[in-house]
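Any read-out appearing in this document is the output of simple, stated calculations on the displayed coordinates, not a laboratory observation. These numbers were taken from a predicted model, which means no experiment stands behind them. Please note: Cβ atoms are built from the backbone with ideal geometry, for glycine as well, and neighbour counts cover all protein chains shown.
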Amino acid sequence: MASNAELRAAGYLPLMASSDLHHVGYIIRHWVRLSDGARVDVYNPRLSKLPRRMATCYAEQCEIHSALGLHVVGPGEQWTRNGQQYLFGGEP
């Protein structure tokens, strides 16, 4: 697994951090390489001893989310949160 220094050396820039998975002990740092649009999501433990994980594609994200017991929604699938309907990749 690449360190932050290795990601930078490979041309990636940290784009933003996400708090979406705080409730399961992770903060996600999103990295992007502008030259080709490649993306890496780094799951950093937040106040826990969970392992650091990385995803470079949707399949790897699904694997991580499934291991955490989170519901996985595929492209084009509808899902519900707090009583509202959503479409993956779209607006509510």
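Observations on the structure shown:
- Ranking of ASP41, ASP20 by count of other Cβ atoms within 10 Å, fewest first: ASP20, ASP41
- Positive minus negative residues near ARG8 (Lys, Arg vs Asp, Glu; Cβ under 15 Å): +2
- With the convex hull constructed from alpha-carbon coordinates only, segment 9-53 shows a mean projected area of 3.4 nm² over all directions.
- Here the residues ARG29, ARG46, ranked from fewest to most Cβ neighbours within 10 Å of their Cβ, fall in the order ARG46, ARG29.
- Residues of segment 48-79 with amide N under 17 Å of a point placed 7 Å along Cα→Cβ from SER19: 48
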